[in-house]
1. Roughly to the nearest percent, how much of the accessible area of the range 5-382 is carbon and sulfur, given a 1.4 Å probe?
2. Please work out the average accessible area per residue across the chain, using the 1.4 Å probe convention, and give it in Å².
3. Could you pull out every residue, at least 5 positions away or on a different chain, whose amide H is within less than 5 Å of the one on M372? Hs are placed 1.01 Å off N in the peptide plane, and Pro or chain starts have none.
4. Which FRET efficiency, nearest 0.05, do Q173 and D249 yield, Cβ-Cβ r, R0 35 Å?
5. What dipole magnitude, in Debye to the nearest 20, does the chain give about its Cα centre under +1 on Lys/Arg Cβ and -1 on Asp/Glu Cβ?
6. Over the range 5-382, with a single point scatterer placed on each C-alpha, what log10 of the ratio I(q)/I(0) does the Debye formula yield at q = 0.07, 0.08, 0.15 1/Å?
7. Among DSSP beta bridges lying fully in the chain, give the percent that are antiparallel, nearest 5.
8. By average Cβ neighbour count within 10 Å, what is the ranking of 218-229, 120-131 from highest down?
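The values are calculated or read from the model by the stated rules, or taken from the named source; none is laboratory data. No experiment lies behind these values; they were computed from the predicted model shown. Note that each Cβ is placed from the backbone with ideal geometry, even for glycine, and that neighbours are counted across all protein chains shown. Accessible surface areas use protein heavy atoms only, side chains included; no ligands, DNA or RNA. Shrake-Rupley method; radii C 1.70, N 1.55, O 1.52, S 1.80 Å.
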Amino acid sequence: MNIDPVFGADRYARYANLRADAPVERIKTPPGTPGPAELWLVSRHDDVVAALHDARLHLEQPPQYQFGIRTLLNTDPPDHTRLRRVVSGLFTRKRIQSLRIAVQAIADDLIDHLPAGETIDFIERFAVPLPITVICQMLGIPADDWRLFREWTPKIFNTDEESVTTRPAAVAQLIQYMGGLVRTKRDHPADDVTTTVIQNGKDVLSEQELLSTLMLLLIAGHETTVNLLGNGLLALIQHPDQLELLRSDPARTPDAVEELLRYDSPVSHATIRYASEDLTIAGVRIAAGEGLLLALGSANHDPALVSEADDLNVQRNGNQHLAFGQGLHYCLGAPLARLEGQLAFDTLLRRSSEISLAVEPKELQWRISPLMRGLHALPIQLSSIAPAELAATA
Ligand code: HEM
């Protein structure tokens, strides 16, 4: 399949060329992507920032591309403001810090079950179950059900031929599941995010908006963090000096997570924006109705943002990367993603003595997705694993 390199394994070289020669370039989306077959890709940092704040760029899709589910990520003010207000208090830094012990326990439990000295798929054994378990606990979803989501969400997001045909059924199953969850929580309110969204959303959200808001939290709450953990661990394994720096000084972990978010951003392109009127970006005329991809991954490698932008440097601080977007749609879950990333890398490095890649880097398979940047699998070996109590944080 011939796809544009901005969606491929080695996208950063293509981004560098585009930033230099064609900062707003028309590209073909991967086959099967919902929406227009061609989009404008904006690759320079300053243009991406300006576009993220440009009220002439709308997230609401033109009628021909709508598939009926209204979420934060396809609405503009005033609907977006109304939807966001319902959930804005749920993921604040203070609330998220109260989850620290629970997230640590999930990370430790997953590591307890990893066999030392054998090849394991880090994505399947750690990067997926950690954020899914956390968001399911937050939403009050029974632990056993997360396997269902693992079946449905790739069908909703991937753009390979099989997923395109299975997508409608997967969306329908997810909607049906969330409907059942809402009925349960209405009958038995609990101390969880689902119950709070139902209560905050009363008289504010339609039934359909309530379901799609919960679905977005569930999906956004794990698809992206999986990629932070997978891409981040791969980057560290490929930069052993940086990995050792971090291992020798775990207090660097928060800065290191920011650098990993910048270096190989889990969301490479923000949600498609549509021009509501004719406009010009970097001298290129964009007609009303045309769609744009804002390349967060490229902006994060622009020397206008940081020096030596293609190098991984876990000692950078004050990293103003765009991995969580900016402006009205800035990631609601950023504090949660940061907590998960920090605890995951801290625990992994504390409890394992050596982490190595079990395949040649060129054998790694990257998912083909218009927005996400992530691995299908990350085969690794951990040479030994210390029990949690012996590797306790100082
Ligand atoms: C490393 C992990 C994550 C990354 C890199 C990430 C990235 C992003 C980005 C780039 C956006 C803005 C998209 C745009 O402007 O088009 C966004 C929005 C959003 N994210 Fe995250 N995210 C992550 C984790 C999470 C988590 C854990 C949640 C939990 C619930 C979450 C919930 C959301 C929601 C609800 C929005 C929509 C906000 C709005 O439109 O107002 N994200 N995220």
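1. Details: 8300 of 16030 Å².
Using a 1.4 Å probe with all protein chains present, the range 5-382 comes out at 52 percent carbon and sulfur.
2. Values: 17270 Å² over 394 residues.
Value for the chain: 44 Å² per residue.
3. Those lying under 5 Å, H to H, from M372 are S268.
4. Values: r = 46 Å, r/R0 = 1.31.
That pair, Q173 with D249, gives E of 0.15.
5. Details: 36 positive and 50 negative charges, 196 e Å.
Rounded to the nearest 20 debye, it is 940 debye.
6. -0.30, -0.40, -1.51
7. Details: 22 of 25 bridges.
Of the beta bridges lying entirely in the chain, close to 90 percent run antiparallel.
8. Top of the packing list down: 218-229, 120-131.
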